[in-house]
Amino acid sequence: MSVQSTLSLLPGGAPVSSAISLYARHTQGYEERVEATIAQLRQAALEHPGSIVQATSLGAEDMVLTDLIAKLNLPIAVGTLQTGKLHTETLALIPEIEARYNLDVEVYSPREEAVVHFVRRNGEDAMYQSIELRKGCCQIRKLEPLSRMLQGRQAWVTGLRREQSANRGAVPPREVEANGRVKFNPLADWSWNDVWHYIESNDVPYNALHDQFMPSIGCEPCTRAIAVGEEFRAGRWWWEDEKAKECGLHVAQPVASSAQERSKAVTA
Ligand code: SF4
């Protein structure tokens with residue numbers, strides 16, 4: 001999806017950069033998509049009591065999911081990865097979520113010795129040197145902490161949407177990973193307009209960087225603002241080829257995402 005600017009379309013022609021002004025739109029089928037997501041979250045919590053976590057990146061999609069989980073009072077834990085390279089604005093959301101929803105966010109950080117060793121060997125800016133080193137950094141700062149978040153849990157919830165990139169174009173609402181863990185993607189068919197319409201309608205807190213033309217936010221060294229007409233994830237690892245643009249959190253091959261599994265996912 002490319003992100004279209006409406007900068008000059010507001011009354012008076014005043015330039016605005018609020019993500020809500022730019023993106024929030026009610027489109028046909030929105031209510032049905034929200035209902036399907038609620039049904040899927042309820043079902044996920046029912047199937048995996050005490051053994052399911054929402055892995056939040058603290059981006060707009062994940063804020064929608066956290067809002068729903070909290071409002072529905074679902075027994076789904078909320079966890080995030082503190083890579084050590086996040087923006088101040090991203091980190092500020094953790095206490096904001098805890099205060100707003102009265103829940104504890106589980107925070108998983110990389111192992112200090114692994115980071116020290118990697119930086120000593122490859123430098124602070126290793127991610128720009130090669131895809132291998134960039135993936136090495138993601139392995140230490142994201143994948144290993146994620147494995148601890150998921151350890152002992154049967155299922156997890158993500159904010160992946162099909163529209164986000166070509167790499168995510170086939171994301172199913174529900175998939176079973178090779179290790180048997182179930183991954184729920186309840187926003188798979190939501191549009192970017194849906195996400196922001198929900199955020200506006202429900203007064204959901206969101207990362208201030210979204211107001212600075214950063215639709216997809218990761219670590220500070222690996223995220224930049226995008227220009228009008230650029231693809232949704234163009235600001236992530238922008239120096240790399242499009243096909244390499246995943247950190248590894250969502251590249252595992254599922255063993256099942258059949259129509260049967262999909263139908264289970266939307267049955268309350
Ligand atoms: Fe390292 Fe960048 Fe990956 Fe963050 S996104 S873990 S800084 S390579």
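The values are calculated or read from the model by the stated rules, or taken from the named source; none is laboratory data. In this text, all values refer to a predicted model and were calculated from it rather than measured experimentally. Methodologically, a virtual Cβ is constructed for each residue, glycine included, from the backbone with ideal geometry; neighbour enumeration extends over all protein chains shown. Each accessible area value is taken on the protein alone, full model and side chains, heavy atoms only, with ligands, DNA and RNA left out. Shrake-Rupley method; radii C 1.70, N 1.55, O 1.52, S 1.80 Å.
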Do the conditions hold for residue 131, that is, is it of a type in the set (Val, Ile, Thr), touching a residue at least 40 places away in the same chain (Cβ under 8 Å) and within 16 Å of the ligand (Cβ to nearest atom)? yes
Testing residue 236 on (1) open to solvent by less than 40 Å² (accessible area, probe 1.4 Å); (2) touching a residue at least 24 places away in the same chain (Cβ under 8 Å), one condition comes back false. Which one is that? (2)
Going through (1) touching a Phe, Trp or Tyr at 6+ places or on another chain (Cβ under 8 Å); (2) more than 10 Å from the ligand (Cβ to nearest atom) one by one, residue 137 fails only at (2)
Just checking, does the stretch 199-209 include any residue being modelled with pLDDT of 95 or more, β-branched (Val, Ile, Thr) and more than 16 Å from the ligand (Cβ to nearest atom)? yes
Go over the candidates 55, 70 one by one and state the one that is buried (at least 16 other Cβ atoms within 10 Å of the Cβ), more than 13 Å from the ligand (Cβ to nearest atom) and not in a helix (DSSP H, G or I). 55
When the stretch 95-132 is examined, which residues are found to be farther than 20 Å from residue 54 by Cβ, open to solvent by less than 40 Å² (accessible area, probe 1.4 Å) and part of a helix (DSSP H, G or I)? 114, 115, 118, 119, 122, 126, 127
For the stretch 73-87, give me each residue that is within 16 Å of the ligand (Cβ to nearest atom) and not hydrophobic (A, V, I, L, M, F, W, C). 80, 82, 83, 84, 85, 87
Given (1) at pLDDT 95 or above; (2) at positive phi; (3) of a type in the set (Gly, Ala, Ser), residue 50 misses just (1)
